[in-house]
Amino acid sequence: MKFGGALQADGSHIFPVRVYYEDTDFSGNVYHAAYLKFFERARTEFLRAHDVHHQQLFDEEGIAFAVRSMQIDYDRAAHIDDILEATTRVLEMKGSRFILEQILRRGDEVITRARVVAVTMKANGRPTRLPAELRSRFGG
């Protein structure tokens, strides 16, 4: 898999994650907050794979993404040196809101699942729709 992961035919994206010592707690398991970092990186690479770049979007359109809410389920523990894959896909796009599903796996084993509600907004904090040309990149 290339750096930044791989875009799939269905529009989903797979991002590889290696667990480092800094990601673990005293027990050797991945600390719960580290999963948020894994998912954040995977979302950024998902956007890049669809040719949407945070800084460029802000500079050219004055639009930024923000996470509004996240539901996360920890099914199993990941450990130091594990090689994981984070899959990101769009479940729904409506108005300024995106609902994403993210699943972190070790092989066929599901480690952690998240449902993320993200919104697009202008610099003034007001919600805004993503331009149609950009929405079409995600199938919407």
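Here are a few things to note about the model shown:
- Shape metrics for the stretch 64-118, restricted to C-alpha atoms - Rg then Dmax, Å: 12.7, 40
- Candidates Glu22, Glu45, Glu101, ranked by Gaussian network fluctuation over the chain, Cα under 10 Å, top entry: Glu22
- The calculated FRET efficiency for the pair Ala6 and Arg115, based on their C-beta separation and a Förster distance of 25 Å, comes to about 0.65.
- Computed magnitude of the charge dipole of the chain (debye, nearest 20; Cβ of K, R +1, Cβ of D, E -1): 580 debye
- Estimated distance in nm for a label pair at Asp108 and Asn124, the labels positioned 7 Å out from Cα along Cα-to-Cβ: 5.4 nm
- Helix 32-49 and the longest principal axis of the C-alpha atoms of the chain enclose an angle of approximately 40°.
- Maximal additional length on extending the Tyr20-Asp75 stretch stands at 17.8 nm, based on 0.36 nm per residue less the C-alpha distance.
- Over the chain, the ratio between the Cα radius of gyration and 2.2 N^0.38 Å evaluates to 1.08.
- Cβ-Cβ FRET estimate between Ser136 and Leu36, R0 fixed at 30 Å, reported to 0.05: 0.55
- Pairwise label distance in nanometres, Ile99 with Ser27, each label 7 Å out on the Cα-Cβ vector: 3.1 nm
Taken together, the values in this text are just the output of simple stated rules run on the coordinates, not laboratory data. None of these values were measured; they are calculated from a predicted model. Heads up, the Cβs are rebuilt from the backbone with ideal geometry, glycines too, and the neighbour counts pull from every protein chain shown.
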